[in-house]
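Novice: Okay, handing you the structure first.
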């Protein structure tokens, strides 16, 4: 059997079968936008190429459906199971055998730094072979405390430090391009972030980091302690549900933007220099409330939590409180599926994907636990025009859920490799996936 014939058979099967890292995926669905109530979906409707747009007019009333506890049943990755992308994209298992791989960042020299949060360490991955696999993987640092965020400082081609967001602090390691191991012990930059547990009453624990384009500001995202508790006189929410900002040495720490329940992923738009965030919203208001979102961040901006959501809708649990804030709530740029659990985001600045992808956002959707039929478990693309979003997003990488609804993969981190391919971390199968564009 010839190679071309083999590929043809797989292409015919790929709508129902899982492909072994070849170019097949889901058939393109065209550019028609799924809007109105049809924009709401679950894993059964997620297909590469489907474009969705949720607006404020589409939101149901609170408690239109009963809230549920429907966490994923994680199963081993089925034989030959691969994520699905549009034709022309090639998905390979870039690296495996990691422990809870979460955030991934690309160093200026092209090395990929991956945070293994549960193992309290950082790995460095170097090189991509002809099969799309990593060539070398080493441990950069250990002994951290539930690390998540990474940022190289100063911005540009020659950093001197790698900053790490532990759950209760920000530390930094001396670093120069090409270092595969930390050359000295870490230095503490911010010692007193509110430390998180591991949810279910323990608070959001991830701390993402980003530097402003000129390197003068260090941004730190800190999620809320609670789902939607009133923050008045609540010491557990101090410096939470915020994006904080300080000087690179940690001095002058203060609130940059607030009312963000959990801005898990933050990133600077390289074209505009503006800060953006990928945000988890609150639960227990029904299947289709409250949408997660991706948005640019205004200095001093208020995004509603816990009293309001989506541009001035009062949370019924806090009805009537803080009317003076109602007109100040900023409506996010892009509303996502409620309970998607939107995590890390990145801007595509590579040259491998088609030209229309350049400058767009890719974000990892970890997947729901508070929806009747699970949603998320995918990577999405947010198209931008001149740095602005029009509210639409596209399913880009799907297939992490079996037809019966069991989950084998959960995307967390996204980064653009030096060759322009997209790297995705998956903390359910402990795998890194590589999405390359060949056009074939």
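The values are calculated or read from the model by the stated rules, or taken from the named source; none is laboratory data. Everything quoted here is computed from the prediction, not taken from an experiment. Using ideal geometry, Cβ is built from the backbone for each residue, glycine included, and neighbour counts are taken over all protein chains shown.
Novice: Looking at region 30-57, which of its residues are farther than 30 Å from residue 90 by Cα and free of Cβ contacts under 8 Å to residues at least 40 places away in the same chain? Explain how you work it out, then say what you get.
Specialist: Going through region 30-57, the residues farther than 30 Å from residue 90 by Cα turn out to be 36-37, 55-57.
Within region 30-57, 36, 37, 57 qualify.
Novice: Also: Wholly within region 379-440, which strands (runs of 3 or more DSSP E) include no fewer than the required count, namely at least 2 residues that are in contact (Cβ under 8 Å) with a residue 12 or more places away in the chain and farther than 30 Å from residue 310 by Cβ? Write out each step before concluding.
Specialist: Values: elements: 392-397, 411-416, 422-426, 431-437.
It comes to 431-437.
Novice: Suppose the filter is at pLDDT 95 or above and either surrounded by fewer than 23 Cβ atoms within 10 Å (Cβ to Cβ) or under 19 Å from residue 225 (Cβ atoms) (or both); does residue 316 pass it? Don't jump to the end; show me each part of the working.
Specialist: Details: at pLDDT 95 or above: yes; either surrounded by fewer than 23 Cβ atoms within 10 Å (Cβ to Cβ) or under 19 Å from residue 225 (Cβ atoms) (or both): yes.
Answer is yes for this residue.
Novice: Would you call residue 392 under 26 Å from residue 78 (Cβ atoms) and touching a strand residue (DSSP E or B) at 6+ places or on another chain (Cβ under 8 Å)?
Specialist: Answer is no for this residue.
Novice: Let me ask something else about it. Which numbered condition in (1) part of a strand (DSSP E or B); (2) surrounded by fewer than 21 Cβ atoms within 10 Å (Cβ to Cβ) is the only one that residue 145 fails?
Specialist: Here residue 145 meets the rest and fails (1).
Novice: Which one of the conditions (1) in contact with a strand residue (DSSP E or B) (Cβ under 6 Å, 6 or more places away or on another chain); (2) touching a residue at least 60 places away in the same chain (Cβ under 8 Å); (3) more than 20 Å from residue 57 (Cα to Cα) does residue 297 fail to meet, given that it meets all the rest?
Specialist: Of everything listed in (1) in contact with a strand residue (DSSP E or B) (Cβ under 6 Å, 6 or more places away or on another chain); (2) touching a residue at least 60 places away in the same chain (Cβ under 8 Å); (3) more than 20 Å from residue 57 (Cα to Cα), residue 297 misses just condition (2).
For every residue, the table says whether it meets (1) more than 23 Å from the chain's Cα centre (by Cα); (2) part of a loop (DSSP other than H, G, I, E, B).
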| position | (1), (2) |
| --- | --- |
| 283 | no, yes |
| 288 | no, yes |
| 293 | no, no |
| 304 | no, yes |
| 317 | yes, no |
| 320 | yes, yes |
| 326 | yes, no |
| 331 | no, yes |
| 336 | no, no |
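Novice: For region 74-81, does any single residue satisfy the condition of being closer than 22 Å to residue 438 by Cβ and either at pLDDT below 95 or in a loop (DSSP other than H, G, I, E, B) (or both)?
Specialist: For region 74-81, residues closer than 22 Å to residue 438 by Cβ and either at pLDDT below 95 or in a loop (DSSP other than H, G, I, E, B) (or both): present.
Novice: Restricting to region 343-375, name every residue that is crowded, with 19+ Cβ neighbours inside 10 Å and under 14 Å from residue 281 (Cα atoms).
Specialist: 343, 365, 366, 367, 368, 370, 371
Novice: Hey, can you tell me all the residues within region 301-322 that are at negative phi and in contact with a strand residue (DSSP E or B) (Cβ under 9 Å, 6 or more places away or on another chain)? Quick ask: steps written out before the conclusion?
Specialist: Quick first cut of region 301-322, residues at negative phi only: 301-303, 305-309, 313-319, 321.
301, 302, 303, 305, 307, 308, 309, 313, 314, 315, 318, 321, listed by residue number.
Novice: If I go through region 81-104 residue by residue, how many of them are under 18 Å from residue 50 (Cα atoms) and crowded, with 23+ Cβ neighbours inside 10 Å?
Specialist: At the first step, the residues of region 81-104 found to be under 18 Å from residue 50 (Cα atoms) are 83-89.
Adding the requirement that they be crowded, with 23+ Cβ neighbours inside 10 Å leaves 83-85, 89.
The qualifying residues number 4.
Novice: Going residue by residue through region 149-156, is there one that turns out to be outside any loop (DSSP other than H, G, I, E, B), at pLDDT 95 or above and more than 20 Å from the chain's Cα centre (by Cα)? If you could, list the steps in order and put the result at the bottom.
Specialist: Taking region 149-156 as the starting set, the residues that turn out to be outside any loop (DSSP other than H, G, I, E, B) are 149-153.
Checking the rest, the ones that are also at pLDDT 95 or above come to 149-153.
Now restrict to residues that are more than 20 Å from the chain's Cα centre (by Cα): 153.
Checked region 149-156: at least one residue is outside any loop (DSSP other than H, G, I, E, B), at pLDDT 95 or above and more than 20 Å from the chain's Cα centre (by Cα).
Novice: Turning to a different aspect of this structure: Mind checking which pairs have a first residue in region 315-332 that is closer than 17 Å to residue 257 by Cα and a second that is surrounded by 14 or more Cβ atoms within 10 Å (Cβ to Cβ) and modelled with pLDDT under 95, Cβ under 6 Å, 6 or more apart or different chains?
Specialist: 326/312; 329/311; 329/312; 331/311
Novice: State yes or no: is residue 203 surrounded by fewer than 22 Cβ atoms within 10 Å (Cβ to Cβ) and in contact with a helix residue (DSSP H, G or I) (Cβ under 8 Å, 6 or more places away or on another chain)? Quick ask: steps written out before the conclusion?
Specialist: Numbers: surrounded by fewer than 22 Cβ atoms within 10 Å (Cβ to Cβ): yes; in contact with a helix residue (DSSP H, G or I) (Cβ under 8 Å, 6 or more places away or on another chain): yes.
Criteria met by residue 203.
Novice: Turning to a different aspect of this structure: Assess whether residue 100 counts as being at positive phi and at pLDDT 95 or above. Can you show your working first?
Specialist: Numbers: at positive phi: yes; at pLDDT 95 or above: yes.
Yes, satisfied.
Novice: Quickly run through region 258-276 and pick out the residues that are within 23 Å of residue 230 (Cα to Cα) and part of a strand (DSSP E or B).
Specialist: Restricting attention to region 258-276, the residues satisfying the condition of being within 23 Å of residue 230 (Cα to Cα) are 258-264.
Residues satisfying the conditions are 258, 262, 263, 264.
Novice: Oh, and also: Please enumerate the residues belonging to region 118-142 that are assigned to a loop (DSSP other than H, G, I, E, B) and within 19 Å of residue 426 (Cα to Cα).
Specialist: Filtering region 118-142 down to residues assigned to a loop (DSSP other than H, G, I, E, B) leaves 118-120, 129-133, 142.
118, 119, 120, 132, 133 - these are the residues of region 118-142 that are assigned to a loop (DSSP other than H, G, I, E, B) and within 19 Å of residue 426 (Cα to Cα).
Novice: Give the residues of region 268-285 that are touching a strand residue (DSSP E or B) at 6+ places or on another chain (Cβ under 8 Å) and crowded, with 22+ Cβ neighbours inside 10 Å, sorted by residue number.
Specialist: Those that are touching a strand residue (DSSP E or B) at 6+ places or on another chain (Cβ under 8 Å) and crowded, with 22+ Cβ neighbours inside 10 Å: 275, 276, 277, 278, 279, 280, 281, 282.
Novice: Then there's this: Is there a residue being crowded, with 17+ Cβ neighbours inside 10 Å, in contact with a strand residue (DSSP E or B) (Cβ under 8 Å, 6 or more places away or on another chain) and closer than 18 Å to residue 105 by Cα anywhere in region 326-342?
Specialist: Within region 326-342, one or more residues are crowded, with 17+ Cβ neighbours inside 10 Å, in contact with a strand residue (DSSP E or B) (Cβ under 8 Å, 6 or more places away or on another chain) and closer than 18 Å to residue 105 by Cα.
Novice: Additional query: For region 427-440: of the residues being within 24 Å of residue 208 (Cβ to Cβ) and over 13 Å from the mean Cα position of the chain (by Cα), which is surrounded by the fewest Cβ atoms within 10 Å (Cβ to Cβ)?
Specialist: If we filter region 427-440 for residues that are within 24 Å of residue 208 (Cβ to Cβ), which is where we start, we get 427-435.
Pick out the ones that are also over 13 Å from the mean Cα position of the chain (by Cα) and you get 428-435.
On the way: 428: 21, 429: 21, 430: 17, 431: 20, 432: 26, 433: 28, 434: 22, 435: 25.
It comes out as 430.
Novice: Could you identify the single residue in 424, 407 that is crowded, with 24+ Cβ neighbours inside 10 Å and within 25 Å of residue 96 (Cβ to Cβ)?
Specialist: Within the list 424, 407, the selection yields 424.
Novice: Now for a separate question. Listed residues 64, 57; which is closer than 30 Å to residue 319 by Cβ, modelled with pLDDT of 90 or more and part of a helix (DSSP H, G or I)? Don't jump to the end; show me each part of the working.
Specialist: On the way: 64 fails: part of a helix (DSSP H, G or I).
The unique qualifying residue is 57.
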